[in-house]
Amino acid sequence: MSDKDVSALDSGFMSEVASVAEAAARAGGEVVSKYHRTGVEIRSKGSYNLVSDADIEAEAAVVGVVRAAFPGHAILAEEGHRADGDAEDLWVIDPLDGTNNFAHGVPQFAVSVAYCRRGRPMCGVVFNPVSGEWFAARRGEGAYANGTRARVGTEGALNEIIVSLGFYYDRGAMMEATLEAAGDFLREEVHGVRRMGCASLDLCWVGIGRFGAYFEYMLSPWDFAAGALFVEEAGGRVTTCGGGPLAMAPTGVLATNGAVHGAALEILRRYLDKAEGRQQPIG
Ligand code: IPD
Ligand code: CA
Ligand code: CA
């Protein structure tokens with residue numbers, strides 16, 4: 001979709017989308033906060049990929065708000081809604097991003113809600129119900145953190161930033177590739193490397209300048225749809241870990257303040273084959 005098509009989206013429609021996204025994230029946040037206070041049984045989708053009633057109930061709450069307003073729109077959400085990523089009008093939802101943190105009482109988790117037009121995020125909201133931090137963006141209209149215009153950091157080099165990263169749910173070659181890349185960032189004398197455990201907040205923290213870069217060799221659309229738009233609208237850059245454009249499908253993600261993007265890509269590309277399970281070239 002070109003920027004001309006974007007401006008053609010009716011502004012009344014986009015205002016409604018933005019207020020529904022906010023109401024939906026708030027509804028999900030209420031469920032998640034309730035369980036954060038009272039506790040919930042955690043189950044396992046894989047040995048360290050967890051799920052709880054909080055995830056399921058929060059998804060139902062978020063989807064309920066979206067469906068009430070836009071019954072004809074498609075929904076792609078982590079716990080059980082599987083629409084096509086290229087659908088004309090698509091909501092991409094992570095009802096509880098950072099479930100592992102949530103399960104261990106670490107207050108770094110969020111509800112992430114994005115509206116996409118033909119695979120392109122147009123509106124996104126990320127809400128941390130514990131800190132109360134709100135991150136909201138609309139394509140072409142800027143990014144706002146708790147109502148204040150957000151901008152990426154102005155650092156010009158890797159040795160001036162903190163890098164955040166994630167491991168997806170992998171303890172094999174992708175994990176090793178991530179650790180090797182982390183080592184290279186440290187050798188470039190970044191101020192620090194962090195693993196926060198909530199991709200949507202990692203992205204938004206790039207957008208407000210806390211992190212100069214964030215990467216993960218694999219993410220799902222619901223992890224990045226809202227946060228990637230937030231970074232772009234805050235003046236940053238988001239690509240795959242090889243430097244290509246993002247599609248609304250599972251993919252690696254690199255988000256930066258823009259200025260350090262090339263230097264970060266240079267490191268990530270060294271381990272891309274390994275991360276993606278291809279044979280390393282010999283010699
Ligand atoms: C996960 C978190 C984590 C990231 C994983 C995601 P979930 O989402 O965002 O930070 O490293 O790749 O899958 O499973 O907690 O919704
Ligand atoms: Ca997630
Ligand atoms: Ca989740």
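The values are calculated or read from the model by the stated rules, or taken from the named source; none is laboratory data. Please read these numbers as outputs of a predicted model, since none were measured by experiment. No Cβ is skipped: glycine too gets one built from the backbone with ideal geometry, and neighbour counts run over all protein chains shown. Surface accessibility is based on the protein's heavy atoms, side chains included, excluding ligands, DNA and RNA. Shrake-Rupley method; radii C 1.70, N 1.55, O 1.52, S 1.80 Å.
Miscellaneous remarks
- Taken together, the criteria exclude residue 75 from residues that are touching a Ser or Thr at 6+ places or on another chain (Cβ under 8 Å) and either more than 15 Å from ligand 3 (Cβ to nearest atom) or at pLDDT 95 or above (or both).
- Residue 220 closer than 22 Å to residue 150 by Cα and under 13 Å from the mean Cα position of the chain (by Cα): no
Yes or no, residue by residue, for (1) under 29 Å from residue 172 (Cβ atoms); (2) modelled with pLDDT of 90 or more; (3) of a type in the set (Val, Ile, Thr); (4) open to solvent by less than 40 Å² (accessible area, probe 1.4 Å):
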site: 37; (1), (2), (3), (4): no, no, no, no
site: 51; (1), (2), (3), (4): yes, no, yes, yes
site: 55; (1), (2), (3), (4): yes, yes, no, yes
site: 68; (1), (2), (3), (4): no, yes, no, no
site: 71; (1), (2), (3), (4): no, yes, no, no
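- Residue 106 meets all of the listed conditions (1) aliphatic (A, V, I, L, M); (2) open to solvent by 30 Å² or more (accessible area, probe 1.4 Å); (3) in contact with a strand residue (DSSP E or B) (Cβ under 8 Å, 6 or more places away or on another chain) but one, namely (3).
- Applying a threshold of 8 Å to beta carbon distances and a minimum spacing of six or more residues, or different chains, the list of pairs starting in the stretch 70-97 at a residue that is of a type in the set (Lys, Arg) and ending at one that is more than 16 Å from ligand 1 (Cβ to nearest atom) is empty.
- Flag for residue 111 being assigned to a strand (DSSP E or B), surrounded by 19 or more Cβ atoms within 10 Å (Cβ to Cβ) and within 16 Å of ligand 3 (Cβ to nearest atom): yes
Residue-by-condition table, conditions (1) in the same structural domain as residue 234 (by TED's automatic domain parsing); (2) more than 28 Å from residue 75 (Cβ to Cβ); (3) more than 16 Å from ligand 2 (Cβ to nearest atom):
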site: 128; (1), (2), (3): no, no, no
site: 140; (1), (2), (3): no, no, yes
site: 144; (1), (2), (3): no, no, yes
site: 162; (1), (2), (3): yes, yes, yes
site: 170; (1), (2), (3): yes, no, no
site: 175; (1), (2), (3): yes, yes, yes
site: 190; (1), (2), (3): yes, yes, yes
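- Residue 238, sole failed condition from (1) more than 15 Å from ligand 2 (Cβ to nearest atom); (2) not in a strand (DSSP E or B): (2)
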